[in-house]
Every structure is written in structure tokens, then in C-alpha cells.
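Undergrad: Got a structure for you, questions after.
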Amino acid sequence: MSQDGRILKFEIFRYNPQKKDDTPRMVPYEVTETPGMSIFIALNEIREQQDSSLQFDFICRAGMCGSCGMVINGKPDLACRTLTSKFKDGHITLLPLPGFELIGDLSVNTGKFMQAMSERVESWIHDVNADNMNFNKLEERMDPDIMDEVYGLERCIECGCCVSACATKRMRPDFLSAVGFMRLGRFYLDPRDKRTDEEFYEIMGDDDGIFGCMTLLGCEDHCPKNLPLQTQIAFLRRRMAMVK
Ligand code: SF4
Ligand code: F3S
Ligand code: FES
């Protein structure tokens with residue numbers, strides 16, 4: 001429950017890499033808390049009333065688009081789904097998600113990473129025999145339980161929290177990360193994708209792929225959509241270990 005009217009003390013990372021001579025620093029701001037206030041609402045208030053140059057991203061404000069990921073009091077999370085009332089002492093520190101190119105302040109380029117990941121895992125159904133030009137043909141039937149699993153993994157909103165929460169990604173810049181494993185798991189499970197285990201191995205069978213994961217589980221702890229990352233990573237690792 002929000003403590004109506006208390007003063008929230010923010011410390012926000014500020015740095016504009018486009019600006020010559022700018023230096024990274026933490027800047028304090030104060031905001032009066034209102035009922036149901038989220039970090040996103042507080043940031044908007046700061047931008048509207050105190051500093052119009054503050055950069056941060058958002059689109060949906062409903063935990064659906066994944067653009068408002070940032071490090072909130074040391075943990076990657078979505079600004080639009082985090083209530084300020086959660087922080088009992090009223091002190092809130094905000095940093096951009098590590099592991100991504102910084103655009104400025106709290107804004108990072110997750111899109112660049114996600115696009116490269118999608119291309120690397122060839123994020124589409126592979127079936128050379130599919131008759132894609134016959135629009136009258138009914139879609140292939142799918143077992144409802146498998147479909148549930150596939151669409152469960154599609155709940156990923158590409159927020160990048162799992163990438164930032166993973167120490168392996170810090171050590172290995174090309175590490176595919178949990179979001180990449182979720183995408184591969186989604187196609188691996190989909191019976192319409194005819195790729196063989198050997199073909200999946202070519203994509204993820206090395207230390208930048210599934211064998212580089214050290215089961216640190218920061219990804220599992222910080223996924224705001226509660227995707228079954230641990231289970232999927234273990235499943236893929238088992239399958240890939242059996243190849244060859
Ligand atoms: Fe975000 Fe979870 Fe998807 Fe990672 S797996 S990008 S934490 S929704
Ligand atoms: Fe990283 Fe998650 Fe593996 S945090 S090391 S991808 S279990
Ligand atoms: Fe879309 Fe937060 S603004 S997830």
C-alpha cells in the first residue's frame with residue numbers, strides 16, 4: 001500500500017554518450033508519492049516537472065512491450081510494473097540495464113541485441129516442404145498440450161532483464177542468453193519446425209550457446225513474465241548433450 005504523500009528520494013543514472021564531455025553520474029530527484037504510483041509514473045513526473053532531458057523508454061505501460069526494463073534498486077525489472085510502495089524506506093536507485101548499448105540515461109538499445117539474436121537462432125518455422133503459397137490449406141493440427149508449451153514461451157516480451165541478470169553474459173559478450181534459449185526452445189518444441197537436433201546444435205552447441213550457461217539462474221529470478229527459464233535451459237542442454 002502506498003504511503004500517500006511521502007517524499008520519494010530517487011538517485012538516477014545520467015549520461016548522454018552523444019554529448020561531448022558528458023560524464024556518467026548519479027543525480028538525486030524528489031517526488032511526492034501518490035496512490036498506485038509506479039516507477040514509470042514517477043519518472044514521467046520527473047521528466048514533466050523537473051528535467052525534460054531525462055531519457056527512458058516505454059510504450060505500453062502495461063508490462064506487455066518490454067521497453068521499460070531498468071535496474072531498480074539493484075534488480076532488473078519493468079518500471080511500469082514496479083510500484084514505489086514496494087520500497088519501504090522511499091529510496092530508489094535507477095540504472096540502465098547492463099549488457100546492452102547505452103542510448104542515454106536509462107534508455108538502452110535492446111532492439112539491436114534482440115534482432116541479432118533472432119537472426120542467429122533463425123527465428124522462424126523451418127519446413128522446406130511447407131506449401132506457404134496455398135492460402136486455402138488448413139493449418140497443420142497441433143497437440144493442445146504442446147501448443148500450450150509453445151505459446152507459453154511466446155509470452156517473452158524481450159525486455160532484456162534476463163540478459164542483464166546473467167553474469168555469464170558479462171563475461172561472454174556473444175552469449176546467447178536466456179531470451180535466446182527461450183526462442184530456440186519455442187521452435188524446438190514446435191512440431192511444424194522440421195530442424196533436426198544436429199541443426200539446433202549448430203546454433204547453440206558451444207560456450208556462447210547452451211553449454212556456456214553456468215546455471216546462475218539470475219535470469220529465472222528476474223524474468224518479469226515468470227517464464228520457465230530454468231526448466232527450458234535444462235531441457236535444451238540435455239537434448240544438445242545427446243547430439244553426436
Ligand atoms: Fe524478459 Fe523473461 Fe523474455 Fe528474458 S525471458 S526477455 S526476462 S520476458
Ligand atoms: Fe545466465 Fe540464466 Fe544460465 S543467469 S548462466 S542464462 S541460468
Ligand atoms: Fe511496456 Fe513497461 S512500458 S512493459
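Undergrad: Compute a Gaussian network model of the chain, connecting alpha carbons closer than 10 Å, and tell me which residue from Val71, Val179, Val27 fluctuates the most.
TA: Val27
Undergrad: Modelling each spin label as a point 7 Å along the Cα-to-Cβ direction, I'd like the Thr231/Leu216 distance in nm, to one decimal.
TA: Taking the simple label geometry, Thr231 and Leu216 are separated by 2.5 nm.
Undergrad: Highest GNM mean-square fluctuation, the chain, Cα pairs closer than 10 Å: which of Thr93, Thr196, Thr82?
TA: Among Thr93, Thr196, Thr82, the largest mean-square fluctuation in the Gaussian network model of the chain belongs to Thr196.
Undergrad: Give, in nm to one decimal, the length gained when the segment between Glu48 and Val27 is fully stretched (0.36 nm per residue of separation minus the Cα-Cα distance).
TA: Contour length minus Cα-Cα distance gives 5.9 nm.
Undergrad: Sort the following peptides by mean Cβ neighbour count (other Cβ atoms within 10 Å, averaged over residues), highest first: 235-244, 5-14.
TA: In descending order of packing, they fall as 5-14, 235-244.
Undergrad: State the extension gain, in nm to one decimal, for the chain segment bounded by Lys244 and Tyr151, taking 0.36 nm per residue of separation less the distance between their alpha-carbons.
TA: The Lys244-Tyr151 span can extend by a further 30.5 nm.
Undergrad: Let me ask something additional. What is the distance in Å between the Cα centroid of the stretch 127-144 and that of the stretch 36-104?
TA: The distance from the Cα centre of the stretch 127-144 to that of the stretch 36-104 comes to 42 Å.
Undergrad: Okay, moving on. Based solely on its DSSP helices, what 222 nm [θ] is calculated for the chain when runs of n ≥ 4 H residues each add -39,500 (n - 2.57) and the sum is averaged over all residues, nearest 500 deg cm²/dmol?
TA: About -9000 deg cm²/dmol.
Undergrad: Right, here's the next one. Place the peptides 208-218, 155-165 in order of packing, highest mean first, counting for every residue the other Cβ atoms within 10 Å and averaging per peptide.
TA: Numbers: 208-218: 17.4, 155-165: 23.9.
Descending mean neighbour count gives 155-165, 208-218.
Undergrad: Measure off 7 Å from each Cα along the Cα-to-Cβ vector at Glu140 and Lys112, then give the distance between these two points in nanometres to one decimal.
TA: Reported label-point gap for Glu140 and Lys112 is 3.7 nm.
Undergrad: A further question follows. Each residue of the stretch 202-208 in turn: what ³J(HN,Hα) in whole Hz from Karplus with 6.51, -1.76, 1.60 and θ = phi - 60°, glycine and Pro shown as x?
TA: Karplus-based 3J(HN,Hα) across the stretch 202-208 equals 4, 7, 10, x, 9, 6, 8 Hz.
Undergrad: Using the 10 angstrom Cβ neighbour count as an exposure proxy, how do Cys223, Cys65 rank, fewest first?
TA: Ranking Cys223, Cys65 by Cβ neighbours within 10 Å, fewest first, gives Cys65, Cys223.
Undergrad: Quick one: net charge of Phe211's neighbours, Cβ under 14 Å, K/R +1, D/E -1?
TA: On the way: positive: Arg172, Arg237, Arg238, Arg239, Lys244; negative: Asp174, Glu202, Asp206, Asp207, Asp208.
With Lys, Arg at +1 and Asp, Glu at -1, the net is 0.
Only the coordinates and a few stated rules stand behind these numbers; no lab work does. The shown structure was predicted, so the numbers you read here are calculated from the model rather than taken from an experiment. Cβ atoms come from the backbone with ideal geometry, glycine included; neighbour counts cover every protein chain shown.
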